[in-house]
Amino acid sequence: MDASVIAKKYANSVKNGKINVSELIKVPKLVNCGNWTSVEIVGAIDYKHRVPPAHYKGLLVKHNGGLYYISQTLVDELSKFQKNFSKVKSQITVISEE
């Protein structure tokens, strides 16, 4: 399935600064974008998932109507060119379903 379709499916997953872990692990990564200024930052995230093992550290962003995850490595590179990627104050809380 196309990543943009999946991203649009989860576009409204962040509510009141929170996202369910079951939705977070399905949010696609945004690694390439024709216009990074059109990316809207939703908030920062730092969550370690046990199964499957993954560390989500970076940003959740909206682009073309969909929700995407950007890794901290990419955020660090983007911050060199666009300061809005380095000045994120809102933190997204991951809600576990345990």
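Nearest 5 is fine: what % of DSSP beta bridges in the chain come out antiparallel, could you say?
Rounded to the nearest five, the antiparallel share is 75 percent.
Before rounding to the nearest 500, sum -39500 (n - 2.57) across all DSSP H runs of length at least 4 in the chain and divide by the residue total; then give [θ] at 222 nm in deg cm²/dmol.
Computed mean residue ellipticity for the chain: -4500 deg cm²/dmol.
With a 10 Å cut-off between alpha carbons and a GNM built on the chain, which of LEU78, LEU59, LEU24 moves the most?
LEU78
Filter LYS29/LYS62; LYS26/LYS89; LYS9/LYS89 down to the pairs with a C-alpha to C-alpha distance above 20 Å, please.
LYS26/LYS89; LYS9/LYS89
Once phi is turned into ³J(HN,Hα) by the Karplus curve 6.51 cos²θ - 1.76 cosθ + 1.60 with θ = phi - 60°, what whole-Hz value does each residue of the range 51-57 show in order, with x for glycine and proline?
Using θ = phi - 60°, the values come out as 10, x, x, 7, 10, 8, 10 Hz.
Only Cα pairs within less than 10 Å get springs; with that Gaussian network setup on the chain, which residue of LYS26, LYS83, LYS18 has the largest fluctuation?
LYS83
All of the numbers you see were taken from the coordinates with simple rules; none came from a lab. Since the model is a prediction, treat every value here as computed from it, not as a measurement.
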